[in-house]
Amino acid sequence: KGPFLVACGTTLESYDWTGAGGLDFEKFDLPLKIKNTITAIACDQSNLWLGTDGGGLIQIPQSGAAPRIFNHADGFPFSSIRSLALMPNLKRLFIGFGQGKDGAFGYLDTATLKFTEPSSEPSPRSPVGQIKTADDTNTLWIASAQALYRRKIDSGQYSMSLPSSDVPDYRGSGRLRTLSVFSNFVATIIPSGGVALCDLSNNQWMRLNLSTNLNENYTTKI
């Protein structure tokens, strides 16, 4: 599947995880100089996509064609990108934006290169830290700083999963949320401590605490 890439500020490093290249990372040569920190990476057989903190979205064609930068002129609500999720079968690159306490969600059609920001409510209005989907499902999970959303991929319909009556204190200080999706289960961190876990077979959330000690119960990544 080729090397995996690691962002180091405004540069990329690559590593051959087959072991053929030893244990060292190598500098990944980019066809342009990036001035803003790289915050998100997505890649397919046609393009390398780089989200940046204030510099928009950079498309680097695998063919060697000239790179292109997408920003406000292309309809982006912000130039700061926090997350990317590529779905080649739909020809869509889902984008999570975040600038200060504000955020948004949208997608770029990778065939037409046109951007769409869905207008249906409720939709993310705080920084979107992660976008994920389980294989063979019609649900896109969008974790923002203030809420967790489900979005039906075919219809585009939104629903808010958290905060909920089961986990009422999901809202927090505005840190970017992270989540994990696997089969029939979704898990995400709770700002006040612990983890929220949902069994999608019955759509029930439960709160899992790591410790009765508040400091030891504080989570930052999942």
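Filter the stretch 192-213 down to residues that are among the hydrophobic types (A, V, I, L, M, F, W, C) and part of a loop (DSSP other than H, G, I, E, B), then give me how many there are.
Residues flagged as among the hydrophobic types (A, V, I, L, M, F, W, C) and part of a loop (DSSP other than H, G, I, E, B) within the stretch 192-213 amount to 2.
Consider the stretch 124-150. How many of its residues are among the basic types (Lys, Arg), under 18 Å from residue 77 (Cβ atoms) and under 14 Å from the mean Cα position of the chain (by Cα)?
Residues that pass the stated criteria total 0.
Among the candidates 21, 55, single out the residue that is open to solvent by less than 70 Å² (accessible area, probe 1.4 Å), assigned to a loop (DSSP other than H, G, I, E, B) and at pLDDT 95 or above.
Numbers: 21 fails: at pLDDT 95 or above.
On inspection, the qualifying residue turns out to be 55.
Would it be correct to say that residue 131 is on the phi < 0 side of the Ramachandran plot, at pLDDT below 95 and either β-branched (Val, Ile, Thr) or in a loop (DSSP other than H, G, I, E, B) (or both)?
So residue 131 passes the test.
Quick one: what pairs do we get from the stretch 61-87, first residue under 14 Å from residue 39 (Cβ atoms), second charged (D, E, K, R) and open to solvent by 50 Å² or more (accessible area, probe 1.4 Å), C-beta under 8 Å, 6+ apart or different chains?
78/102; 80/53; 81/53; 85/132
I'm trying to understand the selection: among the residues of the stretch 105-120, which are in a loop (DSSP other than H, G, I, E, B) and open to solvent by less than 30 Å² (accessible area, probe 1.4 Å)?
If the condition is that a residue be in a loop (DSSP other than H, G, I, E, B) and open to solvent by less than 30 Å² (accessible area, probe 1.4 Å), then 118 is the only one that fits.
Is it the case that some residue within the stretch 170-177 is small (Gly, Ala, Ser), in contact with an Asp or Glu (Cβ under 9 Å, 6 or more places away or on another chain) and either modelled with pLDDT under 80 or within 25 Å of residue 97 (Cβ to Cβ) (or both)?
No, every residue in the stretch 170-177 fails to be small (Gly, Ala, Ser), in contact with an Asp or Glu (Cβ under 9 Å, 6 or more places away or on another chain) and either modelled with pLDDT under 80 or within 25 Å of residue 97 (Cβ to Cβ) (or both).
Scan the stretch 126-143 for residues that are closer than 20 Å to residue 71 by Cβ and either open to solvent by 70 Å² or more (accessible area, probe 1.4 Å) or among the aliphatic types (A, V, I, L, M) (or both) and jot them down.
128, 131, listed by residue number.
Considering (1) out of contact with any Asp or Glu (no Cβ under 8 Å at 6 or more places or on another chain); (2) at pLDDT below 95; (3) open to solvent by 50 Å² or more (accessible area, probe 1.4 Å), say which one residue 27 fails and leave the rest.
(1)
How many residues, within the stretch 191-216, are among the polar types (S, T, N, Q) and either buried (at least 16 other Cβ atoms within 10 Å of the Cβ) or closer than 16 Å to residue 163 by Cα (or both)?
The number of residues fulfilling the criteria is 3.
Is the stretch 35-46 home to any residue that is more than 12 Å from the chain's Cα centre (by Cα), crowded, with 19+ Cβ neighbours inside 10 Å, farther than 24 Å from residue 158 by Cβ and not aromatic (Phe, Trp, Tyr)?
Yes: the stretch 35-46 contains one or more residues that are more than 12 Å from the chain's Cα centre (by Cα), crowded, with 19+ Cβ neighbours inside 10 Å, farther than 24 Å from residue 158 by Cβ and not aromatic (Phe, Trp, Tyr).
Kindly check whether there is at least one residue in the stretch 75-83 that is open to solvent by 40 Å² or more (accessible area, probe 1.4 Å) and within 19 Å of residue 131 (Cα to Cα).
Checked the stretch 75-83: at least one residue is open to solvent by 40 Å² or more (accessible area, probe 1.4 Å) and within 19 Å of residue 131 (Cα to Cα).
The values are calculated or read from the model by the stated rules, or taken from the named source; none is laboratory data. Just so you know, these numbers come straight off a predicted model, no measurement behind them. Counting neighbours? That spans all protein chains shown, and the Cβs are built from the backbone with ideal geometry, glycine included. SASA here: full protein model, heavy atoms, side chains in, ligands and nucleic acids out. Shrake-Rupley method; radii C 1.70, N 1.55, O 1.52, S 1.80 Å.
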